[in-house]
Amino acid sequence: MKIYHYSRIDGTYLEEGEAKPDPLEHVALVQGHLDGGGDPEALPDPVKFLIPAHATTVAPPATKDGEVAIFNPSTKRWSVTKLREPQPQPAPES
């Protein structure tokens, strides 16, 4: 299952990753399958996955140059924001 990591500070999209199956749930699922007479060669796929903090299963929108995707964990939605132009720094005085 694909997940999308975002910054804990401002929600900025960081990278895509793969969620890992919940080992406790998967072991119970497999055991139930086998206890019920299921075929050991056809084990069930994991049902629950571990989603780490500051990650979501909601795919970010496409962005253009000069834009960034920002995730809002309260609404579980992405938005696209334009990057601010860097402000010129004053020259040091001699």
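Kindly list the number of the only condition in (1) modelled with pLDDT under 90; (2) closer than 30 Å to Phe71 by Cβ; (3) among the hydrophobic types (A, V, I, L, M, F, W, C) that fails for Leu43. Every listed condition holds for Leu43 apart from (2).
Answer yes or no as to whether Ala91 is in a loop (DSSP other than H, G, I, E, B), exposed (fewer than 11 other Cβ atoms within 10 Å of the Cβ) and under 16 Å from the mean Cα position of the chain (by Cα). Explain how you work it out, then say what you get.
Working: in a loop (DSSP other than H, G, I, E, B): yes; exposed (fewer than 11 other Cβ atoms within 10 Å of the Cβ): yes; under 16 Å from the mean Cα position of the chain (by Cα): no.
It is false that Ala91 is in a loop (DSSP other than H, G, I, E, B), exposed (fewer than 11 other Cβ atoms within 10 Å of the Cβ) and under 16 Å from the mean Cα position of the chain (by Cα).
Name, by its number, the condition in (1) modelled with pLDDT under 95; (2) in contact with a Gly (Cβ under 9 Å, 6 or more places away or on another chain); (3) among the small types (Gly, Ala, Ser) that does not hold for Ala91. For Ala91, the exception is condition (2). Among the residues of region 3-25, those identified as surrounded by fewer than 16 Cβ atoms within 10 Å (Cβ to Cβ) and of a type in the set (Gly, Ala, Ser) are Ser7, Gly17.
For region 49-87, filtering for residues that are in a loop (DSSP other than H, G, I, E, B), modelled with pLDDT of 80 or more and either surrounded by 12 or more Cβ atoms within 10 Å (Cβ to Cβ) or of a type outside the set (Gly, Ala, Ser) (or both) leaves 16.
The values are calculated or read from the model by the stated rules, or taken from the named source; none is laboratory data. Nothing here was measured: the structure is a model prediction, and the numbers come from that model. Don't worry about glycine lacking a Cβ; one is built from the backbone with ideal geometry, like all the others, and counts go over all protein chains shown.
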